[in-house]
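Read through the structure below, which is laid out as structure tokens, and then see the notes.
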Amino acid sequence: MSSLTPEQLSQVEQWAAAGATLNDVQTRLKNELGISLTYLEARLLMLDVGVRLKDKPREQPKPEEPAPAAPQDELAEPEIPDEDESPVDVDDPQATPGGSVTLTADQITTPGALISGKVTFSDGQTANWYLDQFGRLGLGGAPQGYQPPKGDIPQFQKQLDQLMQRAGF
């Protein structure tokens, strides 16, 4: 990996300040300065020289407007779920909306994982979770064939997303 002269470093800092991505910096190093680096080498170079690239702002989801309330009519027909939707069986604890899901991150990450931690589902069952370098989520430490309550899954996903953002992923 090559090192940059002060003039080249100044140029890279200007690119970064202008909002260039790592890919942009890599391309401009090659085209404008004649320095050919792999993506990983460019990333390591940015870390070595202390150049921080600006994060692109995430698009904020638009808040959904509540649907207007339909008048309650005694003669109204019962609502029939779409074919894609499966009705929730209120007697089945696995199908009811989730209760309390607790998610924590490990202080020392599980080997082979980018981030890991523990989760306690609303039924009291605990499991270990991890996210590997390919972005695959895994659960372990629960009994063979265990399925968390269906209502807990969206809560788990939301909490995992928040935890990952706080951790810088």
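The values are calculated or read from the model by the stated rules, or taken from the named source; none is laboratory data. Everything numeric here is computed off the predicted structure, so don't read it as measured data. In this analysis, Cβ positions are derived from the backbone assuming ideal geometry, glycine residues included, and neighbour counts consider all displayed protein chains.
Only one residue in PRO57, PRO81, PRO6, PRO63 is over 21 Å from the mean Cα position of the chain (by Cα) and at pLDDT below 70. Which one?
PRO81
Any chance you could count how many residues in segment 129-169 are touching a residue at least 40 places away in the same chain (Cβ under 8 Å), closer than 30 Å to LEU53 by Cα and surrounded by 14 or more Cβ atoms within 10 Å (Cβ to Cβ)?
So the count comes out to 4.
Considering only residues of segment 22-50 that are surrounded by 14 or more Cβ atoms within 10 Å (Cβ to Cβ) and within 19 Å of PHE169 (Cα to Cα), which is modelled with the lowest pLDDT?
Among those residues, the one meeting the criterion is MET46.
For LEU53, indicate whether it is more than 22 Å from GLN165 (Cα to Cα), surrounded by 11 or more Cβ atoms within 10 Å (Cβ to Cβ) and free of Cβ contacts under 8 Å to residues at least 60 places away in the same chain. Talk me through it step by step, then tell me what you get.
Numbers: more than 22 Å from GLN165 (Cα to Cα): no; surrounded by 11 or more Cβ atoms within 10 Å (Cβ to Cβ): yes; free of Cβ contacts under 8 Å to residues at least 60 places away in the same chain: yes.
In short, no.
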